Amino acid sequence: MVKLRAIVWCALALVPCACGGGGGGGAPPLPPAVTESYSFPAGDAIAVGGGTAWDIVGVTTKLSDQFHTANEYDTLEVDVTFAQDVANALPAPGGQLLSGNQLGVKIALDVDGNPNTGAYGVCDATNPLRPFEYVSDQGNDPSRLSDGNYNIIDSAGGPLSGGAPNPPAEAQTTVAGHVLSESFYLVALGVTDGAVVPRIGIAVLAYNGDIETFTDCVPKSAVEVFTT
């Protein structure tokens, strides 16, 4: 079920705005955030190379309007919940994912909601579908960025930012407790749906080092889960 969250955000700043009433001339109210949450079984992660078996137990997607573009929903936040505390698990900003006890997260995005178009498949190597147009770098392509964010890799295999610092074209990353969050500016991903709530497919992979083998990947029984 889609759950609505009445959270309003100031443009260009990730802080709640005060909701005011009163006289005319003010900006129209922002649309309510749209949230979907998915749970996954614990205990199915694999310790690759003797490192930490990072175990994904939940994914929440949140669509919101942060920048007041022509889209009512211009930002997608993906919250990935782990069985373990991940607050100190990422490599330092500018560092590459090398340690077997560090955490790397790749979020795959199907921005057109079509499983038959895209460049990437993820969890099930036997599935012929490659529905994802973009993936965030887990820290190996080439590393975590100096601002603490991660590259978004496009269908041609290069960074969406073109290699230069460009936060709107990066996966904006935060960690707290058991949750890692990445936010994506949807206009940079070509999502221009106006007032339509975008249907975006998501898959998430966790890594514990520079080996290209994941410790956990969700969803395993389907190609993707969706924002609506």
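Some notes on this structure:
- Spin-label pair Thr117-Ala47: with each label point 7 Å from Cα along the Cα-Cβ axis, the two points sit 4.5 nm from one another.
- Taking the Cα centre of the chain as reference, the dipole from Cβ charges on Lys and Arg (+1) and Asp and Glu (-1) amounts to some 320 debye.
- Cα-based radius of gyration for the chain, normalised by 2.2 N^0.38 Å, reads 1.01.
- Mean projection area, nm², convex hull over Cα of region 112-228: 8.0 nm²
- Selection from Gly100, Ala42, Tyr120, by position along the positive dipole direction of region 35-158 (Cβ): Gly100
- Extension gain from Ala222 to Thr192, taking 0.36 nm per residue of separation minus the Cα-Cα distance: 8.2 nm
- Mean Cα-pair separation over length for the chain, i.e. relative contact order, pairs under 8 Å, 6 or more apart, %: 23 percent
- Selected from Pro32, Pro128, Pro41 as most flexible by GNM, with the chain as the system and alpha-carbon contacts under 10 Å: Pro128
- Counted by neighbouring Cβ atoms within 10 Å, the residues Ile107, Ile202, Ile153 run from fewest to most as Ile153, Ile202, Ile107.
- Total formal charge among the other residues, if their Cβ is under 12 angstrom from that of Val57, Lys/Arg +1 and Asp/Glu -1: -4
Every number in this text was worked out from the coordinates using simple rules, so none of it is lab data. Predicted model, so just to flag it, every value in this text is computed and none were measured. With ideal geometry, Cβ positions are generated from the backbone for all residues, glycine too; neighbour counts draw on all protein chains shown.
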